[in-house]
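In what follows, a single structure is set out as structure tokens and then discussed.
The values are calculated or read from the model by the stated rules, or taken from the named source; none is laboratory data. Please read all numbers here as calculations on a predicted model, not as lab measurements. Every residue, glycine among them, receives a Cβ derived from its backbone with ideal geometry; neighbour counts consider all protein chains shown. Heavy atoms of the whole protein, side chains included, go into the accessibility calculation; ligands, DNA and RNA do not. Shrake-Rupley method; radii C 1.70, N 1.55, O 1.52, S 1.80 Å.
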Amino acid sequence: MLSEREVAAAIGSTAYGDGGDKLGTVEHFFVDDRTGKPTWAAVTTGVFGTRHSVVPAGNATWDDGRLHLPVSAEAVKTAPSVGGNHLDPGEEAELRRHYGLAEGRGTDLDEDGERSPDAVTPVAAAPLAGPTDTVTVPAAGAVPPPPAAGAAPAGGTDGAMTRSEEQLRVHTEQAVTRRVRLVKYVVTEEVQITVPIRREEIRLEEVPSDATGTATEDVPGESLVPEGASAGSGLPDEIVLHTERPVVSVEVVPTERVRLRAELVEGHETVTEQIQREQVVVDQDGTPRT
């Protein structure tokens, strides 16, 4: 028996027969109105997909993306033509006879062995595929009596449905944002430094002529007039004065070492996403279908 997810995945896929032959494309499924189980599958066949054949799906299997139906390709080609969106008991009985199925196999009979008037309804539902999924409640007069306490309802089901919803799961992964490398470049700036400078200045010093140690003694063979001084004055004509001036030079010296390392900083980011969930409602139809 196919699960709900397998039924949803099989719609639109290719169906294969018991011999591995390709049968056609699955158009939709017919589910039992009382049990909700898929009992028949509508398959489009032919070169252009214009023929619709109904194939028993009670023992269908879904494996590796392929739907396997326990029928031959020849049986599908010669199957009775069934139209409409609902299988009545007569059409279903004709299909069972064609495929050689036992009476009531894959269906749900009532206490008298008769098929319920609400035989089979097509379904193309998938989990979260539409706003609502419905389960058919039989009309008045066709509802079996309530079971005794502790007993399972007729048909082997408790009339419950499984409701599913999507859950948002978020994880993180590392991604490259940018690359960083060390690059040196030269910046020119002005620097001012104050340097002490010394210079010579001329100063006139007057000394008394009779001061001790100041008299000039005559030395034989030497002139009493200093070099560069005019005769008779005792003073030189000019004196060379000296001064200091700054001499600028530049040298490169290491100042500091710079290295690059990554630091992990934690932050928070809000993720917004839409999710879907199923809602279960009761579809009450007071007019029984024929």
(message) Checking the structure you have, find out if any residue of region 36-49 is open to solvent by 10 Å² or more (accessible area, probe 1.4 Å), over 26 Å from residue 161 (Cα atoms) and hydrophobic (A, V, I, L, M, F, W, C).
(response) yes
(message) I'm told residue 126 meets every condition in (1) part of a strand (DSSP E or B); (2) modelled with pLDDT under 70; (3) among the small types (Gly, Ala, Ser) except one. Can you identify the failing condition by its number?
(response) (1)
(message) Could you check region 47-58 and list, in sequence order, the residues that are at pLDDT below 85 and assigned to a strand (DSSP E or B)?
(response) 51, 52
(request) Filter region 59-79 down to residues that are assigned to a loop (DSSP other than H, G, I, E, B) and modelled with pLDDT of 85 or more and give me whichever is surrounded by the fewest Cβ atoms within 10 Å (Cβ to Cβ). (result) 78
(request) Could you please tell me which pairs satisfy a Cβ distance under 6 Å, a separation of 6+ or placement on different chains, a first residue in region 173-194 that is open to solvent by 100 Å² or more (accessible area, probe 1.4 Å), and a second residue that is part of a loop (DSSP other than H, G, I, E, B)? (result) 182/260
